[in-house]
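The next block holds one structure in the form of structure tokens; read it before the comments.
A short reminder: the numbers here are calculations on the coordinates, not readings from a lab. Worth saying up front: this structure is predicted, and the values here are computed from it rather than measured. Note: ideal-geometry Cβ built from the backbone for every residue, glycine included; neighbour counts use all protein chains shown.
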Ligand SMILES: Cc1ncc(C[n+]2csc(CCOP(=O)(O)OP(=O)(O)O)c2C)c(N)n1
């Protein structure tokens with residue numbers, strides 16, 4: 001029998017307000033299993049604002065501060081500064097924000113937090129659109145996906161532009177640790193969260209977070225869709241630590257992207273030609289990751305896309 | 001106590017040093033820069049043990065000190081003009097979260113067109129954000145008021161953020177002797193912030209959250225109530241400060257030669273000093289004129305204005321900004337405070353000194369001429385024309 005390594009402690013309480021099958025809810029649950037009860041979370045406007053339930057209740061077993069949508073990076077810099085100034089022991093400082101609140105309106109504060117080497121973990125949960133406000137496209141919405149602001153019909157073919165490469169942007173800042181996480185692979189997920197917790201310095205976790213109402217699929221399919229995202233190469237799982245990229249789920253071959261796209265109503269309009277184009281994109285992205293994995297460093301087309309080992313001022317948190 | 005010749009900006013920095021702030025965050029903007037440069041020096045040379053956050057915007061500057069304050073740290077930031085406007089969203093968060101952040105603001109005109117001159121439009125535009133607002137007349141008042149602001153902001157009866165403002169260049173870059181209280185004096189007046197942290201690591205609780213209308217109105221009312229407790233708290237804090245330092249800046253609306261005055265001019269910031277000299281000169285000529293300095297704009301000192309109005313026939317208001325209401329902002333507040341007064345004095349508004357224009361003794365003399373004249377206008381833009389050329393020019 002396989003022994004599960006996932007802690008039994010639940011820091012997301014029953015009674016939260018997520019939709020059935022909510023990827024972000026699952027992401028928070030696994031994240032806090034990895035990070036533990038001495039986490040201080042700062043969270044901008046996003047679906048989780050609502051999921052965490054209204055005053056005077058809270059669905060989370062940790063301290064939680066709300067912040068404006070664009071300032072999560074700054075908020076965690078402030079929290080860390082206070083924790084250090086007041087010498088509060090054993091605190092894990094975490095920003096938890098959506099893709100819109102991170103890759104679009106919050107990008108400046110994220111960049112600032114990474115550049116000034118805030119000793120904190122920034123988590124972007126990626127449901128690939130502005131979901132709280134009703135499925136509008138964000139910079140992280142993939143090419144071709146239907147949203148309410150990239151409608152299908154007439155000239156509309158879903159989002160015309162490609163998905164913003166948030167990991168590329170983050171890695172250009174040389175965080176001490178960055179990883180991609182997917183709740184469909186819970187052991188890998190919790191291991192990465194726990195590992196991030198033990199490292200000091202700026203850390204970033206990019207979390208895949210399927211959204212049944214936003215992606216137009218039935219709520220019981222979240223885990224399968226998540227698995228397909230990784231196994232088709234749409235969302236490869238890897239980590240970058242001490243300047244080394246390492247795939248954490250190796251695949252002998254990619255499943256065809258159609259298996260992933262075909263499960264979601266947001267892609268229902270795609271023609272075979274459009275699917276073929278997306279397939280080519282995914283393949284070249286996957287090949288790049290394979291090269292980076294083989295060479296041990298995230299080289300990519302940009303030489304800056306490399307992470308550094310702890311630089312001056314970063315120390316191991318557990319020490 | 002030592003006396004140091006310093007600028008208003010240095011007075012801000014020395015006050016933050018004496019307050020032993022623990023977290024500082026700032027983004028540069030003229031004319032605020034020398035405040036945060038000096039603080040960076042204090043931290044670098046070990047005089048101040050603070051975390052100094054180099055942030056990428058004013059929005060982030062205020063956010064990071066708000067979050068730090070929510071955990072219990074004493075914090076400081078400073079800005080001006082565009083920077084303050086960029087902070088607008090977070091200003092509301094600070095008061096709504098009830099964090100006692102103290103901020104220095106150098107009053108500067110807002111663009112366009114670009115101008116770095118003194119003007120109160122930046123802070124007046126933030127009057128509805130739930131912050132206490134002090135306007136300083138001198139560098140000494142800057143230093144003293146920042147220290148008092150921490151005491152008031154952190155008082156359990158208040159727990160609101162406070163801004164202490166100073167006029168661009170007239171104070172920010174002009175030096176004068178400032179009495180700097182000793183560290184022992186300040187430590188006794190302003191002990192370390194009682195860590196009554198709102199957010200405690202390890203304790204499941206949520207700060208901010210979201211609400212339905214019933215709770216929401218309660219939160220707004222709580223902030224309003226806290227505002228009502230600011231002026232009584234200021235009175236007690238000033239008394240204590242005076243006892244320890246010998247200096248008392250006279251509450252929210254100190255007056256000058258108003259006892260038998262028929263006409264009083266209400267000023268904010270550095271125009272006050274000039275007005276005082278003009279009043280002395282006019283008194284020599286037999287005019288029954290006086291002065292009231294509006295030192296606290298939020299909460300607006302309604303009772304003090306009413307008390308003043310009980311004995312004067314005419315009140316002139318000098319607004320060093322225009323924010324596109326029917327009159328300047330201070331005049332609107334004064335009028336609103338006096339609507340029920342009986343007898344009700346006449347109120348005349350003078351918009352002057354905006355965009356860094358000097359408020360000269362002549363300009364203030366002109367205000368009094370209008371105020372004492374047969375029909376004082378509701379609103380006069382006092383110095384629209386270019387200054388007259390000199391006699392031989
Ligand atoms: C300054 C500002 N602009 C817009 C909003 C409205 N808003 C609230 S939640 C949200 C969506 C955020 O999307 P994302 O970060 O992707 O998280 P999700 O809702 O998908 O969980 C938006 C745009 C806001 N709160 N503040």
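Tabulated data for the structure shown
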read-out	value
Most fluctuating residue given options A:103, A:294, A:178, as computed from a GNM of chain A linking Cα atoms under 10 Å	A:294
Among beta bridges that DSSP assigns inside region B:255-389, antiparallel share in %, nearest 5	10 percent
Computed Kirkwood radius, in angstrom, where 1/r is averaged over Cα pairs of region B:255-389	14.7 Å
Label-point separation in nm, residue B:369 to residue A:283, each point 7 Å along Cα→Cβ	8.7 nm
Paired Rg and Dmax values of region B:220-274, which use every Cα atom, in angstrom	14.8, 41
Förster radius 22 Å - calculated FRET efficiency between residue B:224 and residue B:88, Cβ distance, rounded to 0.05	0.65
Full-extension gain in nm, residue B:195 to residue B:114, via 0.36 nm per residue minus C-alpha separation	24.9 nm
Fraction of beta bridges assigned by DSSP in the protein assembly as shown that are antiparallel (%, nearest 5)	25 percent
DSSP beta bridges in chain A [antiparallel fraction, %, rounded to 5]	35 percent
Relative contact order of region B:255-389, defined on C-alpha pairs under 8 angstrom at six or more residues apart (%)	25 percent
Potential extension, residue B:386-residue B:360 segment - 0.36 nm per residue separation minus Cα distance	8.1 nm
Degrees between helix A:222-231 axis and first principal axis of chain A (Cα, 0 to 90, nearest 10)	80 degrees
With 10 Å bins from 0: P(r) over region B:321-383, alpha-carbon pairs, percent	21, 49, 27, 3
Two-decimal ratio, region B:133-217, of alpha-carbon radius of gyration to 2.2 N^0.38 Å	1.50
Residue-averaged [θ]222 nm for chain B, counting only DSSP H segments that reach four residues, each worth -39500 (n - 2.57)	-12000 deg cm²/dmol
Extension reserve of the residue B:185-residue B:54 stretch, reckoned as 0.36 nm per residue once the Cα distance is removed	44.1 nm
Pairwise FRET efficiency - residue B:342 versus residue A:242, Cβ, R0 = 56 Å, nearest 0.05	0.15
Rounded to 10°, Cα long-axis angle of helix B:230-245 versus longest principal axis of chain B	90 degrees
Angle in degrees between helix A:72-85 and the longest Cα principal axis of chain A, rounded to the nearest 10	20 degrees
For region B:79-162: Kirkwood Rh in Å [reciprocal of mean 1/r, alpha carbons]	13.3 Å
Sites residue A:271 and residue A:19 - FRET efficiency at Förster radius 41 Å, r taken between beta-carbons, to 0.05	0.85
Ranked by how many other beta carbons lie within 10 Å on average, peptides A:236-244, B:110-118, B:289-297 from highest	B:289-297, A:236-244, B:110-118
Projected-area mean, region A:23-318, by convex hull of Cα positions, square nanometres	14.8 nm²
Two-decimal Rg/Rh across the protein assembly as shown, once Rg and the Kirkwood Rh are taken from alpha-carbon atoms	1.06
